[in-house]
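What follows is one structure encoded as C-alpha cells, with my remarks underneath.
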Amino acid sequence: MTSPTLQTDRPTVRRGFTLVELLVVMGIIIVLIGILVPTLIRAYSAADKTKAAADLQSIGVALEAYRGDFGDYPRIDRSVATGYGQDTGAVVLCKALVGAGGTVEPVATPYATLTSYNPGDLVSYSGVNYVYIRYTTGTINAGNPAVPSVGSANPYWAPWLTVDGLNGPGFRIRQQGKVYAPYLQMDRFKIVAGGTMLADLNNNPILYYPASINKPNVYAVPSATNGGYVAKYNPAFPMPLYCASDNLGFMSLVELQAELGDYSTNQAIDTVATATNPGEAAIGNYPYLLFAAGPDSSFGPVGVVTSATTLAKWQTNKIAAAGCDDVTNIQR
C-alpha cells in the first residue's frame with residue numbers, strides 16, 4: 001500500500017522589482033515630466049497673457065471714459081521744468097485713471113547722491129519733486145547717474161506732483177470742484193512704486209505711450225519739420241508719433257522701434273523695398289499704446305541690434321519682435 005504524499009504549505013515568496021524594472025519606471029516618469037512640465041508652463045503663460053490682455057482692455061475702456069470727460073487722453077507734461085516728461089508714461093496713466101494723490105503735497109527730502117532709494121520715494125531736486133519709479137524689489141542704490149536733471153535720459157526718476165484735491169483714489173480738477181472717481185475697478189489692479197504705477201500680475205508697470213496730436217509723417221525720418229514715427233524726445237523737432245522717452249527706463253528706443261515695425265531703426269517706416277530693407281508697415285493709427293511685460297517679466301524684444309543698416313540687422317530685429325511675449329493693445 002502506497003502511503004499518501006505529505007503536502008506542506010509553503011509561504012508564497014513575493015519577488016521585488018529588479019533594478020532594471022525600477023530604471024525603466026523612472027525613465028517613463030522622467031519622460032512624462034519632460035512632456036507635461038513645458039505644457040503646464042505654456043498653459044500658465046497663456047493664462048497670464050490672457051489676464052494681462054483683459055486688464056489692458058479695461059484700461060482702454062477707462063481711457064475712453066477719461067477722454068469723454070476731458071476731451072483728450074492723458075498727456076505727458078513736456079515742459080523744461082519737469083524734465084521733458086522723461087519716464088512718466090506709466091506714472092501719468094496711473095495718476096489719470098486712479099488719482100492716488102492727496103490734498104497736500106508731501107514733504108520731499110532733498111536728493112542726495114549715493115543714497116539708496118526704494119520705489120515710491122520722493123525727493124526734491126532744483127525745486128521739482130521726483131518719485132523713484134524703478135520697480136525692482138528691494139533697495140536700489142541710485143548713485144550719480146540717477147540725478148533727476150532736466151531733460152536727461154534718466155531711468156530712475158519721474159517728476160511727480162501728488163496733489164489732486166482728494167485724499168485716496170479719485171481726484172478734483174479744482175478746489176471743492178467735482179469729484180472724479182477712479183476710472184478703474186481698484187480691486188482688479190495692483191499699484192506699485194509707492195502708488196505711482198499700475199502693475200500686472202508680476203508687479204511690472206503698465207507702460208503708456210500717447211500718440212502725438214501733431215500727426216507727423218511716419219514715412220519720413222525726424223527733422224526740424226517732422227517728428228517721424230518712433231523717436232526720443234527732441235525739443236528742436238516736432239513730436240514723433242510715438243515717443244520712446246515716455247518709458248525709456250523700461251523699454252529702449254530700439255526695442256520700441258522693433259515692436260512697432262521699424263526694423264531698420266531709422267525712426268521712420270520704409271515702404272519701398274531695398275537691398276537692406278524688404279519693406280515695412282506701420283502698426284496702424286492707435287491713439288495710445290499700452291504694454292504689459294508678459295510672462296518673461298521683461299519689456300521689449302530680446303536680441304534687437306542697432307548696428308549699421310543691413311539686411312541681416314533688419315531680419316534679426318523682425319525675428320526678435322515676432323518672438324516678443326509682451327502683451328499690448330496693438331492688433332498684430
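List the pairs from Lys49/Lys178; Lys178/Lys232; Lys49/Lys313; Lys51/Lys313; Lys95/Lys215; Lys215/Lys318 whose alpha-carbon separation is above 31 Å, in the order I gave them.
Details: Lys49/Lys178 37 Å; Lys178/Lys232 36 Å; Lys49/Lys313 29 Å; Lys51/Lys313 33 Å; Lys95/Lys215 25 Å; Lys215/Lys318 25 Å.
In this structure, Lys49/Lys178; Lys178/Lys232; Lys51/Lys313 lie more than 31 Å apart at Cα.
Between Gln331 and Ala224, the distance separating the two model label sites (each 7 Å from Cα on the Cα→Cβ line) works out to 4.0 nm. Note on Ala322 and Asn285: their simple-model spin labels are 2.9 nm apart, each label 7 Å out from Cα toward Cβ. In this structure, the amide hydrogen of Lys190, modeled 1.01 Å from its nitrogen in the peptide plane, lies closer than 5 angstrom to those of Ala199, counting only residues at least 5 positions away or on a different chain. Amide H of Tyr288: which non-local residues (sequence gap of 5 or more, or other chain) have their own amide H closer than 5 Å, using H built in the peptide plane? Here Ala211 satisfy the definition.
Take the Cα of Val305, step 7 Å toward its Cβ, do the same at Arg67, and the gap between the two points is 3.9 nm. For segment 167-318, what's the relative contact order in percent, using C-alpha pairs closer than 8 Å and at least 6 residues apart? Dividing the mean separation by the residue count of segment 167-318 yields 19 percent.
With all protein chains in place and ligands, DNA and RNA left out, the 1.4 Å accessible area ranks Arg42, Arg78 as Arg42, Arg78, largest first.
Here the Karplus curve 6.51 cos²θ - 1.76 cosθ + 1.60, taken at θ = phi - 60°, turns the phi angles of segment 19-29 into couplings of 4, 5, 5, 4, 5, 4, 4, 4, x, 5, 4 Hz, with x standing for Gly and Pro.
Would you mind putting 179-191, 229-241 in packing order, based on average other-beta-carbon counts within 10 Å, highest first?
Working: 179-191: 14.8, 229-241: 19.8.
Taking the mean over residues of other Cβ atoms within 10 Å, the ranking is 229-241, 179-191.
Within the straight-line cut-off of under 16 Å between alpha carbons, the aspartates and glutamates reachable from Lys190 are Asp48, Asp55, Asp200, sequence neighbours fewer than 8 places apart in one chain being disregarded.
Set the Förster distance to 45 Å, then compute FRET efficiency between Arg42 and Thr271 from the Cβ-Cβ distance, nearest 0.05. Write out the running numbers ahead of the final one.
Details: r = 36 Å, r/R0 = 0.80.
So the FRET efficiency works out to roughly 0.80.
Close amide H partners of Tyr219, meaning residues 5 or more places away or on another chain with modelled amide H under 5 Å apart, are Ile269.
Which residues in segment 38-68 have a backbone N closer than 19 Å to a point placed 7 Å from the Cα of Ala181 along the Cα-to-Cβ line? 58-68, by backbone N distance to the label point.
The values are calculated or read from the model by the stated rules, or taken from the named source; none is laboratory data. Because the structure is a prediction, the values reported are computed rather than measured. All Cβ positions, glycine included, derive from the backbone under ideal geometry; neighbour counts span all protein chains shown. Accessible surface areas use protein heavy atoms only, side chains included; no ligands, DNA or RNA. Shrake-Rupley method; radii C 1.70, N 1.55, O 1.52, S 1.80 Å.
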